[in-house]
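Beneath this line is the structure, given in structure tokens, with notes to follow.
None of the figures in this text is laboratory data; all of them are computed from the coordinates on show. For clarity, every value in this text was computed on a predicted model and none was experimentally measured. Here the Cβ positions follow ideal geometry from the backbone for every residue, glycine too, while neighbour counts run over all protein chains shown.
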């Protein structure tokens, strides 16, 4: 990949060989092109589907008790070689670690999503900001909501 914006700095990288991730599912969104993806998602955005693969489906037990979940995903179509970036919405440059850009040395994305419903091995959520087909790394209850929502009275 050689298309970098003015003032960006690229470093040489080798293919990673030291991390072994198990993709536990796939994320289905309406966006096939990065330019169409919303920046940082919106809680009132379109419904998206998170598909969880076997044998991980039983790990969903109890997730329906939460309103918000953290979704961790692998930005499989992102470049990994920029240390300084010039975001398209700014004339300034920033170090990669000062941005939420998908361009990262280890392209892990994370976002808080609103859980709408659970349908078997599928979670219907709002608030995602990733491309259709993005590999799922993990799901967690929202870090600010360690206790499930109150049961109806």
Query raised in the report: Among rounded, prolate and oblate, which fits segment 48-128 when a ≥ b ≥ c are the square roots of the eigenvalues of its C-alpha gyration tensor, a/c under 1.5 means rounded, and a/b larger than b/c means prolate?
Result: prolate
Report task. Could I have the simple spin-label model distance between residue 117 and residue 15, label points 7 Å from Cα toward Cβ, reported in nm to one decimal? Result -> 4.4
Report summary line: Largest fluctuation, 100, 79, 20 only, Gaussian network model of the chain with Cα springs under 10 angstrom, belongs to 20
Query raised in the report: In the Gaussian network model of the chain, springs joining C-alpha atoms below 10 Å, which of 130, 37, 48 carries the largest mean-square fluctuation?
Result: 37
Requested in this report: Starting from the Cα of residue 40, step 7 Å along the direction of its Cβ; do the same at residue 110; then give the gap between the two resulting points in nm.
Outcome: 1.5
**Report entry** For segment 21-141: relative contact order, % (alpha-carbon pairs under 8 angstrom, 6 or more apart)
**Finding:** 45
Query - Cα gyration tensor category, rounded, prolate or oblate, for segment 6-46 with a/c compared to 1.5 - result: oblate
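Compare the peptides 89-97, 113-121 by average per-residue count of other Cβ atoms within 10 angstrom and give them in order, highest first.
Ranking the peptides 89-97, 113-121 by packing returns 113-121, 89-97.
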**Report entry** Under 17 Å from the residue 81 label point (7 Å along Cα→beta-carbon), backbone N, segment 105-125
**Finding:** 105-107
